[in-house]
Every structure is written in C-alpha cells, then in structure tokens.
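Notes to accompany the following structure.
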Amino acid sequence: MVGGEKMENQKKVIVACGGTGGHLFPGVAVAQELKQRGHEVKLLISEKKVDAEASKKYGDLDFATVPAIAKPATLSLKMIPFLWKFWKTKAKCTQILKDFGVDAVIGMGGFTSMPPVIAGKKLGAKTYVHDSNALPGKANRMTARWCDAVLLGLEAAKEYFGGNKVEITGTPVREELQNIPSREEAAKKLDLDPAKKTVLVMGGSQGAKNLNSLVVEASKAMPDIQFIQITGNLDHDRVKDELGDTGGRHKLIAFCDDMASVYAVTDVVVMRSGASSLSEISYLGLASILVPYPYAADDHQTKNAEVFEKAEAALLRQERELDAGMLVADLSSILLETEKLVNMSAASAALGVKDAAKRVCNVIEKG
Ligand SMILES: CC(=O)N[C@H]1[C@@H](OP(=O)(O)OP(=O)(O)OC[C@H]2O[C@@H](n3ccc(=O)[nH]c3=O)[C@H](O)[C@@H]2O)O[C@H](CO)[C@@H](O)[C@@H]1O
C-alpha cells in the first residue's frame with residue numbers, strides 16, 4: 001500500500017466510472033456497497049457535464065475527476081492527441097492513486113476507465129473491469145489483459161474474454177433503486193394517477209430525437225394512458241412544443257434525479273437498450289419495448305436487447321422500422337392484455353440479479 005492510514009482488513013478501492021450514466025451508476029452502486037462494508041472508496045469520473053450532473057446527488061461519496069477519453073474509431077492522425085491525452089491522464093491517475101494509497105481498482109467500462117486501471121496495475125494494486133453489455137466494449141476488452149478478474153453483467157459477454165478469469169456478477173444497481181417507494185407514494189410525488197396505466201420513456205444519454213417524436217405522436221393517440229418521458233436536456237424544449245397541453249397526464253423530464261419514483265409508477269418502459277437501464281428494469285421486473293440506439297458502437301445495444309427479447313421480457317424494435325402506429329399497437333398489446341404484461345414483467349425479473357453489488361464486492365474483498 002502507498003500513502004494514507006487504514007484500518008485492518010479495510011481496503012482502499014478506486015472505482016473508475018466516468019463518461020456516461022451507464023458507467024457511473026453501477027460504479028456508485030459498487031461504491032455504496034463497499035462503503036457499507038467499511039472500505040474506503042474514491043470514484044474517478046470524467047470532467048463531462050453529464051458526470052457532474054449525475055454525481056451531485058451522491059454527496060456522501062468521494063469523487064475526483066479525470067479528463068474524458070474517447071479513442072478514435074479508426075487508425076488516423078487523431079490517434080496522436082488521443083495517446084497524448086491518455087498518457088497525461090495516466091500520470092494524473094497515478095498521482096491520485098498514490099495519494100489515496102490504493103489497494104484495488106475497478107474500471108466500469110469506457111476508455112476513461114482505462115488509465116486508472118493501468119496506473120493501478122503499475123502500482124501493484126489488484127485490478128478488475130466490469131462490463132454490463134452483451135457485447136463488451138473495446139476499452140474493457142483491451143484493459144482485461146491488465147486485470148486480475150473480469151466481472152460481467154450478462155452471460156452473453158463471456159465468450160469475449162477467453163483467456164481471463166471471468167465471473168458473472170450481474171450489473172450493480174444503486175441503493176435508492178433497491179428500495180423504491182410504493183406506487184401511490186410515487187404517483188403523488190409525480191402528480192399522476194396511480195390507478196392509470198403508465199408508460200416510462202427513456203431516450204438514453206445520446207440522441208433520441210426521433211424516438212421522442214414518435215412517443216409524442218403515440219401519446220396523442222392514447223389519451224387514457226399516462227406517460228413520463230425523459231427527453232434529455234437537449235431535446236426537452238422541442239418535445240414540449242411538439243406535445244402541447246395534455247392536462248398533466250404526459251410528464252416531460254429533461255434529466256431525472258429520482259428514478260426510484262419514476263420506476264415505481266411505471267407499467268411498461270419504452271427505451272434504448274443501454275445496459276445499466278436494462279439492469280435496473282430487470283432488477284425491478286419491468287416489461288419493455290426496446291429501441292436500440294442505432295449508432296452505438298458495433299450495434300451493441302441490439303445485442304443487449306436480444307437478450308431481453310429472447311427471454312420474452314421485451315419487444316425489440318429497430319428505430320428505422322418503427323412508426324407511431326406500431327408503437328401504439330405494441331403498447332396497447334402489452335397494457336391491455338393483463339396476462340402479457342404479467343408474463344413479460346416476470347420474464348424481466350428473472351433476468352435481474354438482486355445481489356450484483358454484493359457479488360462484485362465479494363470479488364474485490366477476496367483480492
Ligand atoms: C449510446 C451508448 O453507447 N450508450 C451506452 C452507455 O449507456 P448510457 O449512459 O447511454 O445508458 P444506460 O442505459 O446504460 O444508463 C443510463 C443510466 O442513467 C440513468 N438515468 C437516465 C436518465 C435520467 O434522466 N436519469 C438517470 O438517472 C438510468 O437510470 C441508468 O442508470 O453505456 C452503457 C454501459 O456500457 C451501454 O450499454 C450503452 O449502450
């Protein structure tokens with residue numbers, strides 16, 4: 001160990017989880033569980049606005065920022081600034097890790113998590129990556145070679161880590177989602193009717209302009225259904241204009257910092273198939289219509305969605321094939337056929353891993 005004091009058996013753990021909500025929130029869940037077990041934790045996030053916004057709710061956790069890193073898709077001159085930034089970030093991480101006195105580093109995915117893991121390895125710490133996707137990210141596949149173990153959210157990802165020690169842990173879900181409010185309580189908070197069927201729409205952290213517009217059109221054709229639509233900051237005002245007055249039955253939220261209440265009142269989710277959101281809806285046993293982000297790297301969101309479709313927990317719809325009429329038909333078929341909703345919800349719950357945070361922390365504790 002390098003640096004500061006610690007209690008016996010207590011580990012000092014760095015959780016590198018910057019770049020997107022899909023990395024940050026599972027990282028928060030790991031940090032919460034480690035802290036509860038008496039370990040000392042520091043989360044490394046990126047300097048991006050999305051990380052600042054998403055982390056401000058967790059004032060009791062210790063965050064530090066490092067620059068966000070994105071690798072160019074192809075070998076080109078852009079590799080030069082990438083490598084320079086990577087090297088500088090690794091040097092910054094080495095200093096943070098030394099000052100902290102690191103014992104273990106876990107990277108939750110993305111190139112922003114790579115320098116802390118490599119710095120940790122060089123300092124003699126135990127190193128891990130966690131990947132929540134069915135088709136793991138390039139950064140994790142590269143980082144795996146420096147790791148003591150690779151932890152996976154979904155079994156489907158196992159084949160990509162042949163030579164590594166692999167453990168299927170599921171994807172950790174943050175504390176507030178492990179204990180959500182009652183439907184009545186949540187509906188009151190959101191000013192919705194708990195007796196009415198409610199659709200949650202989540203566009204993911206990247207562009208969802210088309211999906212947002214399709215939902216607005218579908219909502220207009222379903223006046224008895226309530227909608228909660230998370231638009232993303234950039235699209236909020238446009239969607240608001242498009243939607244007009246719905247008498248309060250269709251709520252728009254730019255960014256939601258109370259997902260627990262939102263999930264508590266939801267019957268079915270229409271969303272991208274980002275792995276963290278999927279881990280949350282399966283944890284809570286929610287049925288879904290999945291519309292993968294069409295430009296996600298290697299189309300990995302389709303692979304995530306296929307896991308849920310195969311289990312009959314979700315309908316998979318590609319955005320290019322979807323129109324408002326189809327969305328209305330899909331939503332009606334799930335919401336109006338009670339048995340279908342019950343079966344899909346149960347299939348979703350069967351995919352959820354209730355003790356994912358515990359499993360990840362067990363691996364780190366074992367060392
Ligand atoms: C476009 C893209 O490549 N996205 C990737 C990104 O996820 P990305 O961050 O886009 O999306 P995810 O669905 O994985 O995670 C979103 C997270 O943000 C939370 N949330 C969302 C909206 C909101 O208003 N408030 C809020 O708290 C959700 O509850 C969830 O915890 O990393 C994931 C994990 O590697 C990948 O599976 C996704 O494919």
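The values are calculated or read from the model by the stated rules, or taken from the named source; none is laboratory data. Predicted, not measured: the structure shown is a model, and the values here were computed from it. Cβ coordinates were reconstructed from backbone atoms using ideal geometry, including for glycine residues, and neighbour counts include every protein chain displayed. With ligands, DNA and RNA removed, areas are computed over all heavy atoms of the protein, side chains included. Shrake-Rupley method; radii C 1.70, N 1.55, O 1.52, S 1.80 Å.
Remarks
- Test: ALA305 is away from the ligand (no atom under 15 Å from the Cβ), over 20 Å from SER219 (Cα atoms) and of a type in the set (A, V, I, L, M, F, W, C): no
- Residue within segment 123-145 that is away from the ligand (no atom under 16 Å from the Cβ), under 30 Å from ARG317 (Cα atoms) and of a type in the set (Asp, Glu) present: no
- Filter result for SER348 (modelled with pLDDT of 95 or more and within 21 Å of the chain's Cα centre (by Cα)): yes
- Residues located in segment 210-256, provided they are part of a loop (DSSP other than H, G, I, E, B), free of Cβ contacts under 8 Å to residues at least 60 places away in the same chain and within 16 Å of the ligand (Cβ to nearest atom): THR231, GLY232, ASN233, LEU234, ASP235, ALA254, CYS256
- Selection status of ASP299, open to solvent by less than 30 Å² (accessible area, probe 1.4 Å), part of a helix (DSSP H, G or I) and more than 8 Å from the ligand (Cβ to nearest atom): no
- Out of ASP51, ASP103, ASP99, sole residue that is of a type in the set (Asp, Glu) and open to solvent by 40 Å² or more (accessible area, probe 1.4 Å): ASP99
- Check on SER288, among the polar types (S, T, N, Q), buried (at least 18 other Cβ atoms within 10 Å of the Cβ) and under 20 Å from THR20 (Cβ atoms): yes
- The number of residues in segment 302-318 that are under 20 Å from LYS158 (Cα atoms) and without any contact (Cβ under 8 Å) to a residue 60 or more places away in the chain comes to 6.
- Any chance ALA195 is crowded, with 23+ Cβ neighbours inside 10 Å and either more than 16 Å from the ligand (Cβ to nearest atom) or under 18 Å from LEU322 (Cβ atoms) (or both): no
- Scan segment 278-296 for residues that are within 24 Å of LYS354 (Cβ to Cβ), in contact with a Gly (Cβ under 7 Å, 6 or more places away or on another chain) and within 11 Å of the ligand (Cβ to nearest atom) and the total you get is 2.
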